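Since the structure comes first, as structure tokens, the remarks are kept for the end.
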Amino acid sequence: MQGVERTGGRGGQRPAGFLRGIPFGVFALFLLFYFLTNAGWYQVGDERIMLATARQILRSGQLGFALQEPLKEHEDDVVKGKDGLYYFKYGLGQSLVELPFLALHSLVFPRPSRGGMGLLPTNGFLQSEMLTVFLCPSILSAFGCVLVYLFARRLNISRKSAVLVSLTYGLATMIWPYAKSLMAETTLNVAVLGGLFAGVSYKTTARRYWLLVAGACLGFAFITKAVSGLVIPILATYLLVRVRPVKKVFLETAVLMGLPLAVFAAFQLWHNDLRYGNLWEFGYSFGWDRLGFSTPLAVGLWGLLLSPGKSFFLYTPVALLGVVAFKELFRKNRAEALLFLGVGLVILVPHACWWAWSGDWAWGPRFLLMIVPYVILPLGYVFDGWGQRRKLYRKLLVGLVAVSVAVQVIGVTADPFAFLGYRSQWISELTGDEIYKPLPLMVEAATVNFNPMFSHISGNVWLIKHTLFSYDLWSDPPWRSLEKLDLTTPKEAYSSRLPPFWWPAAFPWFDRYSTVWVNAFAAAILLGVIGLGLRLRRLAGRLEEEGRA
């Protein structure tokens with residue numbers, strides 16, 4: 001049956017433990033690698049709000065906040081609920097996945113006070129808590145790499161090529177920068193990927209529990225971001241068209257997949273009513289979001305796919321070959337190819353029409369993070385036919401992978417919010433308005449992302465130079481050619497060396513928490529990454545020998 005791993009070759013049937021070891025090795029390697037390269041501090045905006053909600057749940061058992069009045073920068077994102085508490089517009093999925101990590105840290109390290117009567121925790125405690133919370137995106141992203149490997153096997157891609165696909169997915173795409181982000185897109189991507197994998201697994205194995213898994217994953221995606229609900233009818237259509245008998249599949253899908261979906265949907269409706277007094281209000285009818293889907297489709301598509309500021313193919317260059325290889329997926333697995341295409345369209349088109357199509361502030365087109373797996377998976381067929389490919393084609397693929405990895409290194413080395421902050425500061429002077437006002441944001445979405453000199457990639461290269469060397473930050477910004485026009489006032493020299501966006505650069509090495517667990521954990525992680533990398537290299541050699549047999 002499709003999707004069941006079998007091995008032959010000189011060694012005959014390999015033990016089951018060996019087969020199970022590949023997904024575990026992929027998971028452990030990426031978990032350790034992602035955590036080793038993780039962030040040095042929290043980001044502002046959406047990330048901090050969703051984390052604050054998780055802390056509120058842990059400390060008070062409430063979803064809302066008792067505020068005198070909302071902060072000015074959040075006035076469009078918060079509403080006073082029926083119970084008198086203030087609630088944010090965001091879904092609860094991201095806060096819920098962060099909650100166990102906060103709980104674990106508070107269990108091991110009770111929240112201390114600064115000074116005898118102080119109420120604020122020490123810096124060491126906050127950094128230790130941060131590293132614990134950042135295990136969340138590391139674990140989720142590593143699990144996503146495993147799902148990509150398993151999905152490739154479901155598509156009858158060889159084990160060696162499936163490992164290569166998962167490595168490409170984890171290192172050469174936006175997945176790596178978002179493995180150190182608390183934005184909801186990381187969670188959303190893995191939840192949707194898990195739901196689709198479960199649906200395809202039901203088709204290939206006829207095991208009903210996969211429908212429960214699919215419903216649970218997509219239901220959790222729905223409470224994370226309601227727009228992900230558009231994926232549900234795509235998967236349901238795939239199952240009804242490709243699995244027989246239709247009547248039986250319809251009943252099983254409606255009951256087994258529908259049950260967890262109904263539970264999560266009911267939870268979301270309750271959350272809506274709690275905040276807005278309206279079951280059908282999801283929180284995007286207020287403030288700037290009243291602009292809704294006002295971007296012309298052609299503009300949004302151009303911005304997300306081809307613009308110098310947010311092009312998906314600039315932030316994941318290897319995706320170009322994934323698109324080319326899509327015809328091979330269509331030839332060998334037409335149903336899955338159409339499934340991937342349908343999912344890609346229901347993610348791409350609504351976000352292209354959204355007023356804030358760029359998804360700022362963020363690294364690259366964050367709204368398209370969910371389509372990365374379905375663009376990268378077709379590369380498995382390229383790897384399978386590697387020996388038959390022309391030499392030029394192979395060099396092109398290796399070159400694109402190398403360029404893609406380099407882009408991700410640029411993305412993970414500098415704080416993704418830093419360049420956006422400097423850029424917005426410059427734009428706000430042009431518009432004569434505050435950074436967080438609609439006019440500067442609309443200027444960014446409408447013009448800046450279409451101008452190469454304001455690209456986030458070139459901006460991070462600028463900041464990396466100032467990480468390596470200490471000299472005036474404002475002497476060489478990417479838009480320095482415009483400075484000759486005296487459009488803005490001169491900036492005060494900023495000659496301090498910028499810290500890399502990496503936790504060892506920010507963590508107090510000789511703090512109590514460092515000696516208790518952080519330093520030892522970091523050393524173990526480094527050794528683990530090296531050991532697992534060597535193990536996967538040996539595994540690739542074995543699989544290559546097996547392929548020749």
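The values are calculated or read from the model by the stated rules, or taken from the named source; none is laboratory data. Please read all numbers here as calculations on a predicted model, not as lab measurements. When we count neighbours, we look across all protein chains shown, and the Cβ atoms used for this are built from the backbone with ideal geometry, even at glycine.
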Checklist entry - Are any of the residues in region 320-334 more than 25 Å from residue 398 (Cβ to Cβ) and in contact (Cβ under 8 Å) with a residue 40 or more places away in the chain? => result yes
Next on the checklist: Being buried (at least 21 other Cβ atoms within 10 Å of the Cβ) and either touching a Leu at 6+ places or on another chain (Cβ under 7 Å) or closer than 24 Å to residue 204 by Cβ (or both) narrows it down to one residue among 335, 319, 352, 362; which is it?
Outcome noted: 352
Next on the checklist: So residue 151 ticks every box in (1) surrounded by fewer than 19 Cβ atoms within 10 Å (Cβ to Cβ); (2) modelled with pLDDT of 95 or more; (3) aromatic (Phe, Trp, Tyr) but one. Which box is left unticked?
Outcome noted: (1)
Checklist entry - Here are some conditions: (1) crowded, with 19+ Cβ neighbours inside 10 Å; (2) more than 17 Å from the chain's Cα centre (by Cα); (3) at pLDDT below 85. Residue 15 meets all but one. Which one does it not meet? => result (1)
Next on the checklist: Here are the criteria: (1) of a type in the set (D, E, K, R); (2) modelled with pLDDT of 95 or more; (3) within 28 Å of residue 48 (Cα to Cα). Tell me which single one residue 289 does not satisfy.
Outcome noted: (2)
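Residue-by-condition table, conditions (1) within 20 Å of residue 421 (Cα to Cα); (2) exposed (fewer than 12 other Cβ atoms within 10 Å of the Cβ); (3) at pLDDT 80 or above; (4) under 29 Å from the mean Cα position of the chain (by Cα):
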position: 473; (1), (2), (3), (4): yes, no, yes, no
position: 490; (1), (2), (3), (4): yes, yes, no, no
position: 501; (1), (2), (3), (4): yes, no, yes, yes
position: 504; (1), (2), (3), (4): no, no, no, yes
position: 516; (1), (2), (3), (4): no, no, no, no
position: 525; (1), (2), (3), (4): no, no, no, yes
Next on the checklist: Checking the structure you have, find out if any residue of region 229-246 is closer than 19 Å to residue 144 by Cα and touching a residue at least 40 places away in the same chain (Cβ under 8 Å).
Outcome noted: yes
Next on the checklist: With the requirement that a residue be farther than 15 Å from residue 167 by Cβ, more than 21 Å from the chain's Cα centre (by Cα) and not basic (Lys, Arg), what does region 394-420 give you?
Outcome noted: 396, 399
Item to check | Index of the failed condition, residue 140 passing every other in (1) within 30 Å of residue 501 (Cβ to Cβ); (2) crowded, with 24+ Cβ neighbours inside 10 Å; (3) at pLDDT 95 or above | outcome: (2)
Item to check | Residues of region 37-52 classified as closer than 18 Å to residue 412 by Cα, modelled with pLDDT of 85 or more and not charged (D, E, K, R), total | outcome: 2
Checklist entry - Is it true that residue 213 is surrounded by fewer than 24 Cβ atoms within 10 Å (Cβ to Cβ) and closer than 24 Å to residue 282 by Cα? => result no
Checklist outcome for this item: Reported set for region 329-387 where residues are of a type outside the set (D, E, K, R), part of a helix (DSSP H, G or I) and more than 23 Å from the chain's Cα centre (by Cα) is 329, 330, 335, 338, 381, 382, 383, 386, 387
Checklist entry - What residue, of 255, 249, 263, is among the β-branched types (Val, Ile, Thr) and within 28 Å of the chain's Cα centre (by Cα)? => result 263
Checklist entry - Got a number for residues in region 385-408 being farther than 19 Å from residue 170 by Cβ and of a type outside the set (Gly, Ala, Ser)? => result 10
